[in-house]
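*Asks:* Supplied in structure tokens, the structure appears directly below.
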Amino acid sequence: MANNNYSGKRWLYLAVGTVLLIFCGLIYGWSLFKAPFGEIYTDWSLSQLSMTFTISMIFFCLGGFIAGKMSAKIKPNKIIMMSAVLLLVGFVGVSRMDPANSSMSLPMLYVFYGVFAGTGVGFSYNGVISSMNKWFPDKQGLASGIMMMGFGLGALILGSIATSLIAAKGILTTFMILGIMIFVVLMIGSFFIKNPEVTEPAASEKTEAPAVPSMTTGEMLKSFSFWIFFIWCVVANAAGLMVIGNAASIAVLFGAPAIVGMVVSVCNGAGRVIIGAIFDKIGRKMTMLINVMILLAAGIVLVLGAKTTAVAIVIIGLVCTGLTYGGNPTITSAFISKQYGPVNFPVNFSIANFSLIPAAIVGPMVASSLITAANGSYITTFMTMVGCGVVALILWVVLNAACRKEA
């Protein structure tokens, strides 16, 4: 009965944690907010508006690191409560911007959306995933995939609500409403985010997860395997972002409605669960290989689609792009826990997530330059994606050797 109670509780906690990450994932919906802000503040350039998202991603990573450091002394539910307050301050702060004062509003947007909201999301992301990994030592890939699916689909799931609110209430009032809504959900959900009691039995009723030697953060940072994996994450994520950021435009260019580009978001969410389940079944080595093969397939199929102008082929390429990009964060969570142990996972995982920053800068920047140089054609972008897949495959081989050596 103890095992049944344990199993029932952990799935309930996982469901609540996923809901919390859906609401936190709304920060990825910046593209929904960018145009309405541009209509109010017509003197802001596209690069100034885009900087908001870049700042939020930087502080998302920093927030995760801070939460990881705090987790040794502070319970995860308290970290979620802090996240709720940070997000409330961030969204309400944005709502207080003055449409008549453009020069003051831009730094307010950077501070409240970028710094406060970004840090708040990092707190919840690290707090939820670190706690749930302790409940699922036998299914870390699947559990991470489910949670990250929620986070990745947050903007898609809540986007229609935000769009409707913007149309009815305006962008500034919408931020007030969203801030209060997110605050309430996180505060209620925080009571379900807790670490297992040390007296609890093993998570799996059939098999007990083998013990994993834990490295300190310093030891992890000195390991060759970590840096190879970190570079792999940068390459794989940058490759996906080169296409994901332009998915709607790609769909339109090849004769499909812009909404078809959303297939990337759907497959991004699905990929997180699928790759996570595969990780639990066959381990890190083969799961990473499968993900790299999907990345290579995505690039090759998109090149073929661009050359033939066949929209069906392009859509298949977008599907593969979403699946491989979605698999990356799930692999990161499971790999860091399996390779470097659970004890220091909150901090180690947050450091691995810093790979998102160079990827978020390099991927869109390279794609923009290539598209401009090719007069609007995406074929060189797709070919570069194939090149990234080759580099990722080489890094996979090097990582395998490093892991064997360090075992």
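The values are calculated or read from the model by the stated rules, or taken from the named source; none is laboratory data. Note that the structure is a prediction, hence the values are computed from the model and not measured. Methodologically, a virtual Cβ is constructed for each residue, glycine included, from the backbone with ideal geometry; neighbour enumeration extends over all protein chains shown. Please note that ligands, DNA and RNA were not included when accessible areas were found on the heavy atoms of the full protein model with its side chains. Shrake-Rupley method; radii C 1.70, N 1.55, O 1.52, S 1.80 Å.
*Asks:* How high is the relative contact order of the chain, given as a whole-number percent (alpha carbon pairs under 8 Å, six or more residues apart)?
*Replies:* 23
*Asks:* On the full set of protein chains, 1.4 Å probe, figure out the accessible area of E219 and give it in Å² to the nearest 10.
*Replies:* About 90 Å², ignoring ligands and nucleic acids.
*Asks:* Which FRET efficiency, nearest 0.05, do K281 and K34 yield, Cβ-Cβ r, R0 45 Å?
*Replies:* Between K281 and K34 the formula returns 0.65.
*Asks:* Quick check on packing: order 355-368, 20-33 by the mean number of other C-beta atoms within 10 Å, highest mean leading.
*Replies:* 20-33, 355-368
*Asks:* Now, a different point. Treat the chain as a sphere of radius equal to its Kirkwood radius over Cα pairs and apply Stokes-Einstein at 4 °C in a medium of 1.567 mPa s; give the translational diffusion coefficient in µm²/s, rounded to a whole number.
*Replies:* The estimated diffusion coefficient comes to 60 µm²/s.
*Asks:* While we're here: For D98 and K9 in one chain, what is 0.36 nm times their gap in residues minus the Cα-Cα distance, to one decimal in nm?
*Replies:* Taking 0.36 nm per residue and subtracting the Cα distance, the gain is 27.4 nm.
*Asks:* For K405 and K307 in the same chain, what is the full-extension length gain: residue separation times 0.36 nm, less their Cα-Cα distance, in nm?
*Replies:* 30.9 nm
*Asks:* Run the quick spin-label model on T372 and E197: label points 7 Å from Cα toward the beta carbon, then report their separation in nm to one decimal.
*Replies:* Between T372 and E197, the simple spin-label model gives 6.1 nm.
*Asks:* To continue, here is another question. Going down the table (K73/K139; K139/K281; K194/K281; K69/K405; K281/K338; K222/K281), which pairs top 18 Å between alpha carbons?
*Replies:* Cα-Cα > 18 Å for K73/K139; K194/K281; K69/K405; K222/K281; rest within.
*Asks:* Which of T309, T321, T18 moves the most in a Gaussian network model of the chain with Cα springs under 10 Å?
*Replies:* T309
*Asks:* Considering the range 328-383, what Rg and Dmax in Å follow from its alpha-carbon atoms?
*Replies:* Answer for the range 328-383, Rg first and Dmax second: 16.5, 51 Å.
*Asks:* Within the range 330-359, report the chymotrypsin sites (Phe, Trp or Tyr not before Pro) that DSSP leaves as loop and that have at most 14 other Cβ atoms within 10 Å.
*Replies:* none
*Asks:* Work out, step by step, the length gained on full extension between M383 and D43: first 0.36 nm times the residue separation, then minus their alpha carbon distance; give nm to one decimal.
*Replies:* Roughly 118.8 nm would be gained on extension.
*Asks:* Among the helices of the chain (complete DSSP H runs), which have Cα atoms covering no less than 24 Å along the helix axis and a Kyte-Doolittle mean of at least 1.6?
*Replies:* Long hydrophobic helices here: 76-95, 171-189, 224-244, 356-373.
*Asks:* List the trypsin sites (Lys or Arg not before Pro) within the range 45-110 that DSSP assigns to loop and that have no more than 10 neighbouring Cβ atoms inside 10 Å.
*Replies:* The qualifying sites are K73.
*Asks:* Here's something else I'd like to know. According to the square roots a ≥ b ≥ c of the eigenvalues of the Cα gyration tensor, what is the shape class of the range 349-407, taking rounded for a/c under 1.5, prolate for a/b larger than b/c otherwise, and oblate for the remainder?
*Replies:* Here the range 349-407 falls in the oblate category.
*Asks:* Rank S130, S350, S45 by mean-square fluctuation in a GNM of the chain with C-alpha springs under 10 angstrom and give only the top-ranked residue.
*Replies:* Ranking S130, S350, S45 by mean-square fluctuation puts S45 first.
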